[in-house]
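J.: Before anything else, here's the structure in question.
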Amino acid sequence: MEPIVSLKGKTALIFGVANDRSIAWGIAQELHNAGCKLGFSYAGEALGKRVAPLAESVGSDFVEQCDVADDAQIERVFNLWKEKYGSLDILIHAVAFADRNDLKNEYYGTSRAGFHLAMDISVFSLVAMAKCAAPLMQGRDGHILTLSYYGAEKVVKNYNIMGVAKAALEASVRYLAADFGPKGVRVNAISAGPIKTLAASGIGDFRSMLKHHEKTAPLQRNTSQEDVGKSALYLCSPLASGVTGEILHVDCGYNIMSSPAPDDKPEQV
Ligand code: NAD
Ligand code: 0WE
């Protein structure tokens, strides 16, 4: 099928594919189908074995390891990209991390080290990447996209420091959009509904969260990787030429509902 919009001749560098369930992989597939040339950066050595065949399946030969806690490693990836392609049109940031122990119990139990870790990996990494991307994107109608979650806006049990980090990430999107607007580069975030990925595995009660989401969301279903991928394609394309600094909810409408949803159907009169 012909893609709705073409990204032929464009390039995208994607951080955050861990496996074929990653949100970043859903985005990669949509960008690839639109004709975009892709490159990937992944975290640990173990993930390299998973990411390499995925990259190959979309005709990509740029797959580099990078711990986003390290400026030198981020710079290395962008330098390699510059040598290979010279410029960049699209940057996808789909990276987040907090200490597992900080994603349970009370928020006030967060340690200073845990707070710093979550903010560093989940927020500052976007700023560090934007700094490296700026010279490669100058004057190219480029786009920077990151991933957020409802816990940035409202208290979601156990999301804790990640909610605070996502709030800072969303504010960073606005400040970066102001910085990059004059360069012709747009900066946006997608606030995705809960999806069963590696980052969601081991989260206590994720299944009941998915059930609650399905029941409450106006579309009466959970959000898919493909839902997020298609909205990412829109934001990264000229279809969204007037959209920057925006947090787009791709959550089947969950965020508009008051909670908890009434259990019973309204009484018939
Ligand atoms: P995922 O586990 O597939 O992706 C998270 C990625 O972060 C992994 O690829 C991991 O390797 C990477 N990462 C963690 N620490 C890193 C480091 N130090 N250096 C480099 N990479 C590192 O899970 P996902 O759900 O696809 O997460 C992608 C993004 O989507 C995250 O920002 C997450 O907060 C966001 N998000 C997820 C959901 C959900 O329910 N799954 C909902 C909304 C937003
Ligand atoms: O952003 C996320 C996940 C972020 C995340 C997940 C982990 C699990 C493994 C960050 N760091 C870690 N560290 C680990 O060691 N989501 C939006 C998914 C998610 O995570 C939750 C959620 C939802 C939804 C945690 C608690 C409550 C809800």
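The values are calculated or read from the model by the stated rules, or taken from the named source; none is laboratory data. Because the structure is a prediction, the values reported are computed rather than measured. Positions of Cβ are generated from backbone atoms using ideal geometry, with glycine treated the same way; all protein chains shown enter the neighbour counts.
J.: Does the range 199-207 contain at least one residue that is within 19 Å of Gly26 (Cβ to Cβ) and crowded, with 17+ Cβ neighbours inside 10 Å?
T.: Checked the range 199-207: at least one residue is within 19 Å of Gly26 (Cβ to Cβ) and crowded, with 17+ Cβ neighbours inside 10 Å.
J.: Another question about this same structure. Of everything in the range 78-100, what is under 24 Å from Gly139 (Cα atoms) and surrounded by fewer than 20 Cβ atoms within 10 Å (Cβ to Cβ)? Give them in sequence order.
T.: Correct list: Asn79, Leu80, Lys82, Glu83, Lys84, Tyr85, Gly86, Ser87.
J.: So which of Ser41, Ser60 ends up being within 22 Å of Ala189 (Cα to Cα), at pLDDT 95 or above and either in a loop (DSSP other than H, G, I, E, B) or touching a Cys at 6+ places or on another chain (Cβ under 9 Å) (or both)?
T.: After ruling out the rest, the residue left standing is Ser41.
J.: Also: Can you tell me how many residues within the range 73-122 are touching a Lys or Arg at 6+ places or on another chain (Cβ under 8 Å) and part of a helix (DSSP H, G or I)?
T.: Total satisfying the criteria: 2.
J.: Taking the condition among the aliphatic types (A, V, I, L, M) and either farther than 27 Å from Leu239 by Cβ or under 16 Å from the mean Cα position of the chain (by Cα) (or both), does Leu126 pass?
T.: Criteria met by Leu126.
J.: Need pairs with beta-carbon distance below 6 Å; first residue closer than 17 Å to His93 by Cβ and within the range 136-158, second in a loop (DSSP other than H, G, I, E, B) and within 12 Å of ligand 2 (Cβ to nearest atom); sequence gap 6+ or separate chains.
T.: Filtered contacts from the range 136-158: Leu147/Ala94.
J.: Also, I was wondering about something else. I'm trying to understand the selection: among the residues of the range 179-190, which are surrounded by fewer than 21 Cβ atoms within 10 Å (Cβ to Cβ) and either over 21 Å from Met119 (Cα atoms) or within 12 Å of ligand 2 (Cβ to nearest atom) (or both)?
T.: Gly181, Pro182, Lys183, Gly184
J.: Now, a different point. Collect the residues in the range 217-245 that are buried (at least 17 other Cβ atoms within 10 Å of the Cβ) and more than 21 Å from Leu88 (Cα to Cα), keeping them in residue-number order.
T.: Within the range 217-245, Ala217, Asn222, Thr223, Gln225, Asp227, Val228 meet the criteria.
J.: Moving on to the next point. Filtering the range 75-118 down to residues that are within 17 Å of the chain's Cα centre (by Cα) and away from ligand 2 (no atom under 12 Å from the Cβ), which residue is farthest from Gly48 (Cα to Cα)?
T.: Asp89
J.: What residue, of Val185, Val173, is touching a helix residue (DSSP H, G or I) at 6+ places or on another chain (Cβ under 6 Å), within 21 Å of Ser237 (Cβ to Cβ) and at pLDDT 95 or above?
T.: The conditions single out Val185.
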